[in-house]
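Below you'll find the structure, written out as structure tokens, and then a few comments.
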There are 2 protein chains.
Amino acid sequence: HLNPKFSCRQLFFLKLVLHFSNKVSWSGKVLVFPVDGSHWVNMNLMIQGLHNRGHEVTVVRTDSSWYVKETAPHYTSLTIALPEAIAIEKEDFFVTFLMKMLAIKKAGSSPVAFLSFYWEMLGALSKIHQQASMVGVQMLENKTLMQKLRETKYDVVLIDPGLPVGVLVAHELGVPTVYNVRWITSGEGHFVVAPSPTSYVPTSGVALPDKMTFWQRLQNTLHYGLNTCIDKFVVAPVYDRLVEKYFGSDISFYHMLQGADIWLMRVDFVFEFPRPTMPNIVYIGGFQCKPSSPLPPELEDFVQSSGDHGFILMSLGTLVKALPKEITSKIAAAFAQLPQKVIWRHAGEKPDNLGNNTLLLKWLPQNDLLGHPKIKAFVAHGGTNGIYESIYHGVPIVGVPLLFDQPENVLRLEVRGAAKVLDVTHITTESFLGTVKEVVRNPFYRNNMKRLSSLHRDKPMHPLDTALFWIEFVMRHKGAAHLRTESYKMPWYSYYSVDVVSFLIAVVLLSMWIFFAVVRFLCCRIIRKRKPKQE
Amino acid sequence: HLNPKFSCRQLFFLKLVLHFSNKVSWSGKVLVFPVDGSHWVNMNLMIQGLHNRGHEVTVVRTDSSWYVKETAPHYTSLTIALPEAIAIEKEDFFVTFLMKMLAIKKAGSSPVAFLSFYWEMLGALSKIHQQASMVGVQMLENKTLMQKLRETKYDVVLIDPGLPVGVLVAHELGVPTVYNVRWITSGEGHFVVAPSPTSYVPTSGVALPDKMTFWQRLQNTLHYGLNTCIDKFVVAPVYDRLVEKYFGSDISFYHMLQGADIWLMRVDFVFEFPRPTMPNIVYIGGFQCKPSSPLPPELEDFVQSSGDHGFILMSLGTLVKALPKEITSKIAAAFAQLPQKVIWRHAGEKPDNLGNNTLLLKWLPQNDLLGHPKIKAFVAHGGTNGIYESIYHGVPIVGVPLLFDQPENVLRLEVRGAAKVLDVTHITTESFLGTVKEVVRNPFYRNNMKRLSSLHRDKPMHPLDTALFWIEFVMRHKGAAHLRTESYKMPWYSYYSVDVVSFLIAVVLLSMWIFFAVVRFLCCRIIRKRKPKQE
């Protein structure tokens, strides 16, 4: 099909023209297993992209889904009823969770309180995964549904493996899988698929840099062990029960999880520390970023009224709508002392001491505000969506991390001089004010963020197009086995060459033993021979 | 500079239009350290690409350069005179080398002969690197030249690190580096920069697959150790002497070597086994490939005369112009029995028993023949240029590996069912004929190669454009430090967490010792207390 009149590079170019014109000459079928909440924001964008290119998308949701709507113009949904499951009241759940965490942190580090909290957290983790695994049970038990899915002949199953139940369904259907991933089961995605030396790769759940002291490396190693135990004893058993029931004991859940064709990793190395990776990992960090649109007139007026001082944006993301009032009033007092205007996404009780320069909004066009020329800094909790938007627009960050990956996320920008981080449990009006002033006034932070922004934007393709390309690649070629090592199927002692090294040590020891035995034998003979002579 | 009328993806598209129109709004300066021979074929293409995009390229060559011409329309050269060096007569050198190797292999595996040959090979390796390092000495000693180079303000140094002397010059100039690499010092490039578990990553110089038995893994581990020793005791000392002389003892040559900004790896995973990689490794395998052009009329006539049988192409590459006559006459006899026509690149003595169907040529348009619809198979030595052209055009291979990486290369295609490999030392007319017939007649090989071809061609960008993008990326941003781990600067015991693990073991042992000491102490106390009562 190659026209010799075109050079190879011209053909690539024509392919790209077709690609960017959103046309595709064929239509694939995609089954999607999303994760609810902020994860869905990302996944939905990818689904929109697939729909625009002419593919048919089916999204699996539960009847208690929070963000994933049953009907949408760009996908059809498959709703799984969870008869027995107690739907987690997510907003309350996370707010309660945060309050407990803050209380423990503030009370100082009582090991008993911390351990009991940790125990509770593991219980919650197990509960979330049990609920997710119920989706798998409901689907795999429903023979009619599975038959229907089989007959639909999906080309690819797109999974957010934070809750990896889709992996089981894809295995049953025999369809190749693509992950849209940053977090998987109980840790960062790379740890499941790529070598991760604890000497310079900080593990999940611990805010450590890539250049560590001995004690930090020790902490990192211990935490890595802890994460492995959580994976092995809390998360994997939930799914292993299903795997054994439906697929027998020849395969473990973890091997199934590692067998994805392509890992679309929501990571960019202006943000993540450089670390080993694999050929089937494709980096799409910041694929949600886009140029800003003009603000609504009243917001534009407010922003313009800031004059040369500019404005500051504050938002703590989707999960936590409100901080305790004792904290918000300290923040409000600090904001009131700033010459800048402040726009604050805030849904809880309004602080009494709010300054005239501060505007509270329940919802705000975050990307458009971050892209506004008058913005000076972004006070953020450190969720990745906000961080990537901030990197994209080159806005320095004041980090107020609350939960989960947020401390690690803002640390990554702090190490690069693009953010300053505050401990929310020990916030004072002075510390908050000082930090915001430092980030706004010192060009160091802005310049570093601008540098990260220019590195991040300098790509041959937009990361969303990269993602779509690789999803379609898997559809076209029925997988991408040539990019995937199957080393994870090896027993651990072979993978880590424990058997080979033991064998070599045994050979060396045996050789030495034989050598010394022979030497001793010969010596004895010589001595014996000599003795009679001497006698 | 963002026009809000354009969406982000449209801007990426416009950037690509500019990219493919070979225009660049700025002109960079590139200093190139190539390696002679077949490596130059690749590097020259990349230089041509840089020149087309408006960059100024300076190529460093020696006065005894073999392939690298002093004058060319697309680069200016910097010729280093090697007064004392004995220029290696490369063609003779490699032919003699091959003959010795064949003789030893044929004579059976006499360990003494093999070891003496191996010793000689290490001597040759050391000699080649010593000659290369002389280029460094000549440049670094020439203060006027270095001053001139410094004043030129190069944006990037492009190096083939097979002979890594350019690394030293780049370090002295303080200019970021990009490698165009497959082989580095004494092994495959990945081994210097990415984790390479010997349990599933076959090491250089040993033709092993990625799925290995225990004994193969043992062999692989031993060979890995051997390669490490060669690097450490044969190659590195040559350059370490220069590093210590010119840059002091704070930095080792190996660390300098590992510090490149981008590794353009001449590897594609339709060919190489999947293995761990790093964020600053960019895969450009097959960047030399292009669609075929029409053949010269007389060659086209010959090819067309083959009718439906088609034709077979044989070429053993640039290094070895001739095989011993006893082998070529066996091959000629086999070819004569085939219904296909045969085109054979052959420069030595003509075999007496040549069939009417066989055409000998000193030079042939390999890519155009491989892309011809009538080709049935490619009898090749397994150099990567030929292999990638064969993959690109989907032509199955009969491998006759001779030297260096060739056995490993053809093994990679054999494992994928796209080639059959012959041992040149034990070739017979029957075995050669049988193998060629098998590859030509059994659709298995052609289908597998077609599948690899379709996977290889399915990329968002042509690999040459990918290479040019990343070279320009390094020029634009003065490096790519955010993609490079600096873990290689750690001491080995920290990198491998030996200190952390030792500490943990010590803590565990100490705790156990204390625990048992306390238990023993308490037991003694109890027994002592009881004893008086009993008394």
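Values quoted throughout were computed directly from the atomic coordinates according to the rules given, and no laboratory measurement underlies them. Model, not experiment: these values are computed from the prediction. Virtual Cβ from ideal backbone geometry, glycine too; neighbours counted across all protein chains shown.
Residue by residue, segment B:363-369 carries 3J(HN,Hα) couplings of 9, 8, x, 4, 5, 6, 5 Hz when phi is fed to the Karplus relation 6.51 cos²θ - 1.76 cosθ + 1.60 (θ = phi - 60°); x denotes Gly or Pro.
Ordering A:SER27, A:SER315, B:SER126 by the number of other Cβ atoms within 10 Å of each residue's own Cβ, fewest first, gives A:SER27, B:SER126, A:SER315.
List the trypsin sites (Lys or Arg not before Pro) within segment A:157-230 that DSSP assigns to loop and that have no more than 16 neighbouring Cβ atoms inside 10 Å.
Loop-located and lightly packed - A:LYS211.
Summed over qualifying helices (DSSP H, 4 residues or more, each -39500 (n - 2.57)) and divided by its residue number, chain B shows a 222 nm mean residue ellipticity of -15500 deg cm²/dmol. Between the C-alpha center of segment A:144-200 and that of segment B:417-474 there is a gap of 31 Å.
Mean sequence separation of contacting Cα pairs (under 8 Å, at least six apart), scaled by the length of segment B:297-457, corresponds to a relative contact order of 22 percent.
Just to confirm the filter: which trypsin sites (Lys or Arg not before Pro) across segment B:270-362 are DSSP coil and have at most 13 other Cβ within 10 angstrom of their Cβ?
Numbers: sites: B:LYS321, B:LYS325, B:LYS330, B:LYS341, B:ARG345, B:LYS362; in loops: B:LYS321, B:LYS362.
Counting only loop positions with at most 13 other Cβ atoms within 10 Å, the trypsin sites (Lys or Arg not before Pro) in segment B:270-362 are B:LYS362.
Among bridges DSSP assigns within the protein assembly as shown, what percent are antiparallel (round to 5)?
Working: 7 of 91 bridges.
Looking only at bridges with both residues in the protein assembly as shown, the antiparallel portion is about 10 percent.
Ordering B:LEU359, B:LEU369, B:TYR388 by Cα displacement along the dipole of segment B:297-457 toward the positive end leaves B:TYR388 in first place; charges were set at the Cβ atoms of Lys, Arg (+1) and Asp, Glu (-1).
Once both labels are positioned 7 Å from their Cα atoms along Cα-to-Cβ, the gap between A:LYS148 and A:TYR496 label points is 4.7 nm. When you restrict to C-alpha pairs under 8 Å that are six or more residues apart and normalise by the size of chain A, the relative contact order lands at 13 percent.
Residue separation of B:LYS478 and B:ARG241 scaled by 0.36 nm, minus their Cα-Cα distance, works out to 82.5 nm of gained length. Label point of B:ALA81 set 7 angstrom out along Cα-Cβ; within segment B:123-166, amide nitrogens under 20 Å from it belong to B:131-149. Summarising the amide proton neighbourhood of A:ILE159: residues at separation of 5 or more, or on other chains, whose placed amide H is nearer than 5 Å comprise A:PHE33, A:VAL178, A:TYR179, A:ASN180. The C-alpha atoms of chain A define a longest principal axis, and helix A:214-230 lies at about 90 degrees to it. Rounded to whole numbers, the Karplus 3J(HN,Hα) couplings from phi for segment B:256-261 are 4, 4, 7, x, 4, 6 Hz, using 6.51 cos²θ - 1.76 cosθ + 1.60 with θ = phi - 60°, and x at Gly and Pro.
Taking the longest Cα principal axis of chain B as reference, the axis of helix B:498-534 is set at about 30 degrees.
Across peptide B:490-498, how many C-beta atoms of other chains are within 10 Å of each residue C-beta, on average? Kindly include the intermediate steps, with their values, before the conclusion.
Details: counts 6, 1, 0, 1, 5, 3, 2, 9, 1.
Counting Cβ atoms of other protein chains within 10 Å of each residue's Cβ and averaging gives 3.
Distances between placed amide hydrogens fall under 5 Å for A:TYR283 paired with A:MET265, all partners being 5 or more residues away or on another chain.
Position B:PHE247: other-copy label points at 4.8 nm, ordered by increasing distance, label point 7 Å along Cα→C-beta. Normalising by residue count, chain A has a Cα convex hull of 253 Å³ per residue. Sorted from nearest, the other copies put their A:ILE505 label points 0.7 nm away, the label point being 7 Å from Cα in the direction of Cβ.
Peptide B:386-395 shows a mean partner chain C-beta count of 0 within 10 Å per residue C-beta. Remark: spin-label model distance B:VAL508-A:GLU326 equals 4.3 nm, labels positioned 7 Å along the Cα→Cβ axis. Distances between equivalent label points of B:THR228 across the copies, with each point positioned 7 Å along Cα→Cβ, amount to 2.0 nm, shortest listed first.
Nearest 0.05, what FRET efficiency do B:SER454 and A:SER27 give at R0 = 25 Å with Cβ-Cβ as r?
On the way: r = 20 Å, r/R0 = 0.79.
Calculated value: 0.80.
Within 10 Å of each Cβ of B:515-524, how many other protein chain Cβ atoms are there on average? Kindly include the intermediate steps, with their values, before the conclusion.
Numbers: counts 0, 0, 0, 0, 0, 0, 0, 0, 0, 0.
Average neighbour count from other chains, rounded to a whole number: 0.
Using the Cα centre as the reference, give the magnitude of the dipole from point charges on the C-beta atoms of the protein assembly as shown (Lys, Arg: +1; Asp, Glu: -1; all else neutral), rounded to the nearest 20 debye.
The calculation lands at about 1840 debye.
Projecting the Cα atoms of A:PHE214, B:THR96, B:HIS190 onto the dipole axis of the protein assembly as shown, where Lys and Arg carry +1 and Asp and Glu carry -1 at the beta carbon, places A:PHE214 farthest toward the positive end. I need the shape label for segment B:297-457. Rule: rounded when a/c is under 1.5, else prolate if a/b > b/c, else oblate, with a, b, c from the alpha carbon gyration tensor. Taking the square roots of the gyration eigenvalues as a ≥ b ≥ c, segment B:297-457 is rounded. Assign one of three labels to the protein assembly as shown, namely rounded, prolate or oblate, based on the Cα gyration tensor with a ≥ b ≥ c the square roots of its eigenvalues; rounded applies when a/c is under 1.5, prolate when it is not and a/b is larger than b/c, and oblate otherwise. Judged from the Cα gyration tensor, the protein assembly as shown comes out prolate (a/c at least 1.5, a/b above b/c). Of all DSSP bridge pairs formed entirely within chain A, close to 5 percent run antiparallel.
Restriction of the chymotrypsin sites (Phe, Trp or Tyr not before Pro) in segment A:341-380 to DSSP coil positions whose beta-carbon has at most 10 other beta-carbons within 10 angstrom yields A:TRP363. Ranking of A:ARG241, A:ARG520 by neighbouring Cβ atoms within 10 Å, starting from the fewest: A:ARG520, A:ARG241.
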